[in-house]
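Here the structure comes first, spelled out in structure tokens, and everything after it is commentary.
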Amino acid sequence: MTLEEILARAPVIPVLVIEDAAHAVPLGRALVAGGLSVLEVTFRTEAAAGAIKAMIAEVEGAIVGAGTVLDAPMRQAAADLGCQFAVSPGLIPGERPQGPVPLLPGVATATELMAGLAAGFELFKLFPANVAGGTGALKAFHSPFAKARFCPTGGVSAANAAEYLALPNVACVGGSWVAPADAVKAGDWDRITRLAREASALRP
Ligand code: 3PG
């Protein structure tokens, strides 16, 4: 699947920080059951690689990617685990769209966007979206950077996701609100499915 196709699959990409690999499969299943099939597991915990492997093997219908990819070796590691995409909070020097796995790089400014476009990217994570200007920045980017489309992430929630999704240059949004840490810890998968269902209804 191309990155474009992946980002079109659901309006919200859950950003997951998994502390215990045993949570990966029930968490992934709960999100997919609620209609969110594109899952970003951040490379921030020791459990991340095991969680990714388990989700790929056991969560039917999930499209699993790695987040917090900070350099080229981490992009390669995401590919080696079998991820279908990788997300970075920023631009990785020297990285291009073609590579071991499709990469969604982060930008926060016009200058970074220009560097990313020059490297051949057209899909970007706006990060941290609420701090980097939110919907106002995306509206302002649309005219000079007509080719660029975004997945705003960072401070996006049930309260403001619809405003982002209404913009013509927003492909989808990312956020952790659909998998609250307390619900994961408590194994409250039904609550997570409910949150996912609400999120997946944000784009009819
Ligand atoms: C992150 O890097 O943690 C993501 O951008 C998620 O941000 P959020 O917790 O504000 O949704």
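Projecting the Cα atoms of Ala196, Val32, Gly136 onto the dipole axis of the chain, where Lys and Arg carry +1 and Asp and Glu carry -1 at the beta carbon, places Gly136 farthest toward the positive end. Placing pseudo-labels 7 Å out from each Cα toward the beta carbon at Ala201 and Asp20 gives an inter-label distance of 3.1 nm.
Can you tell me how segment 52-111 classifies by the Cα gyration tensor, rounded, prolate or oblate, using a/c under 1.5 as the rounded cut? Because a/c hits 1.5 or more and a/b exceeds b/c, segment 52-111 counts as prolate.
Full extension of the segment from Glu122 to Arg9, taken as 0.36 nm per residue of separation minus the current Cα-Cα distance, would add 38.9 nm.
Taking amide hydrogens as placed 1.01 Å from N in the peptide plane, the amide H of Val173 sits under 5 Å from those of Val12, Ile13, each at least 5 positions away in sequence or on another chain.
For segment 1-94, the convex hull drawn through the C-alpha positions has a volume of 91 cubic angstrom per residue. Working from Cα positions, state the angle (0 to 90°, nearest 10) between the long axis of helix 24-33 and the longest principal axis of the chain. Approximately 70 degrees, to the nearest ten.
Full extension of the chain segment joining Arg96 with Leu167 gains 23.0 nm, where the gain is 0.36 nm per residue of separation less the Cα-Cα distance.
3J(HN,Hα) couplings calculated from phi for segment 64-77 with the Karplus curve 6.51 cos²θ - 1.76 cosθ + 1.60 (θ = phi - 60°) are, in sequence order, 9, x, 9, x, 6, 8, 9, 7, 4, x, 5, 5, 5, 4 Hz; Gly and Pro show x. In this view, the solvent-accessible surface of Glu95, computed with a 1.4 Å probe and all protein chains in place, comes to about 30 Å².
Within segment 116-172, the proportion of Cα pairs with more than 15 Å between them is 41 percent. Taking R0 as 22 Å, what's the FRET efficiency between Thr2 and Glu46 from their Cβ-Cβ distance, rounded to 0.05? The formula returns an efficiency of 0.10 here. Once the Kirkwood radius over Cα pairs is known for the chain, the Stokes-Einstein relation at 10 °C and 1.306 mPa s delivers a diffusion coefficient of 96 µm²/s. Between amide H atoms placed 1.01 Å from N, distances below 5 Å from Val87 occur with Ala66, Gly67, Thr68, Val69, Leu104, all of them 5 or more places distant or on a separate chain. Taking Leu113, Leu165 and ordering them by how much accessible surface each has at a 1.4 Å probe, largest first, produces Leu165, Leu113. Among the protein heavy atoms, those of Phe127 account for about 70 Å² of accessible surface (1.4 Å probe, every chain in place). Were the residues from Thr109 through Gln76 laid out at 0.36 nm apart, the gain over their Cα-Cα distance would be 9.2 nm. For segment 46-92 versus segment 189-204, the inter-centroid distance based on Cα atoms is 23 Å.
The values are calculated or read from the model by the stated rules, or taken from the named source; none is laboratory data. A quick note: this is a predicted structure, and the numbers were derived from the prediction, not measured. For neighbour counting, all protein chains shown are included, and Cβ atoms are generated from backbone atoms with ideal geometry for every residue, glycine included. Each accessible area value is taken on the protein alone, full model and side chains, heavy atoms only, with ligands, DNA and RNA left out. Shrake-Rupley method; radii C 1.70, N 1.55, O 1.52, S 1.80 Å.
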